[in-house]
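Where a number appears in this text, it was derived from the coordinates with a stated rule and is not lab data. Please read these numbers as outputs of a predicted model, since none were measured by experiment. Every residue, glycine as well, gets a Cβ built from its backbone with ideal geometry; the counts of neighbours run over all protein chains shown.
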Amino acid sequence: MEQTEPHPLFVFFQVMLRNPVSVSAVAPSSQELARAMIHGLDLSSGGSLIELGPGTGALTTQIHRILPTAGAYLGIELEEKFVRVLRTRFPDLRFVQDTVAKAHRVHADSGLTPPQIIISGLAISTLPDSVQEAFIVNIDRLMTPGSVFRMFQYVHAYPMRSSARFRRRMDELFPVYHRSRVVLKNIPPAFVLTWQR
Ligand SMILES: C[S@@+](CC[C@H](N)C(=O)[O-])C[C@H]1O[C@@H](n2cnc3c(N)ncnc32)[C@H](O)[C@@H]1O
């Protein structure tokens, strides 16, 4: 008998209950937040796009729409069960099960062109300090002139010390910063933050 794949939402809650700190979300991002995350992004110049922490693909659905070719995409996700869901949902995209703390190496091994866009779905404030620092070092190594880094930050986590420290470090490295208005249709509401080199 053919086995059916579990629903992505079921897998999300299963992994979230087992590993709440790493997943750090009560639900996958809404499509309103996903649309805000790709707003104004342009990949026509031939670079690649890296998505960090795609989870079950809530942002990936929208990201797929701005890809010139599926080959321009690379997703890096820590949770094996999420990677399985992602490969089923998006069979034309490439996903690597690894940590963002090794994003530079994973990208180098992929043979992709330098990233023009990096989109992160990670909850920065809950990352251990060492992973947060490695994350920043990797973003710094990946970003080329003109490239864009975008992430969301939940409104309630925005003032947290670890979130503020992360933003200060990013501001030092990347001169151009923008914070969106609050995306209310998301649980919980979130800002979209963009840095550019
Ligand atoms: C807040 S959830 C967001 C999931 C999805 N991007 C969304 O918006 O619905 C954070 C995601 O980052 C992943 N993650 C956490 N730590 C990671 C790490 N060190 N490396 C790669 N992915 C990680 C989690 O497994 C989870 O899928």
Summed residue charge, Cβ within 15 Å of LEU41's Cβ, Lys/Arg positive, Asp/Glu negative: +2
Short version: ³J(HN,Hα) in whole Hz for each residue of region 102-118, in order, from phi by Karplus 6.51 cos²θ - 1.76 cosθ + 1.60 (θ = phi - 60°), x for Gly and Pro, what are they? 10, 4, 4, 5, 4, 5, 4, 5, 6, x, 6, 5, x, x, 8, 9, 10
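How long is the gain from SER110 to HIS7 if the chain were fully straight, where each residue apart is worth 0.36 nm and the alpha carbon distance is subtracted? Don't skip to the end; give the middle numbers.
Numbers: separation 103, 0.36 × 103 = 37.08 nm, distance 2.88 nm.
So the extension gain works out to 34.2 nm.
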Loop-located GluC sites (Glu not before Pro) in region 1-66, at most 10 other Cβ atoms within 10 Å (DSSP): GLU2
With a ≥ b ≥ c the root eigenvalues of the C-alpha gyration tensor of region 20-153, is it rounded (a/c under 1.5), prolate (a/b larger than b/c) or oblate? rounded
Antiparallel %, DSSP beta bridges [both residues in region 8-196], to 5: 40
Exactly which trypsin sites (Lys or Arg not before Pro) in region 87-181 are in a DSSP loop and have at most 13 other Cβ atoms within 10 Å? ARG181
Residue-by-residue Karplus 3J(HN,Hα) for region 126-136, coefficients 6.51, -1.76, 1.60, Hz, glycine and proline x: 9, 6, x, 3, 5, 6, 4, 5, 4, 4, 4
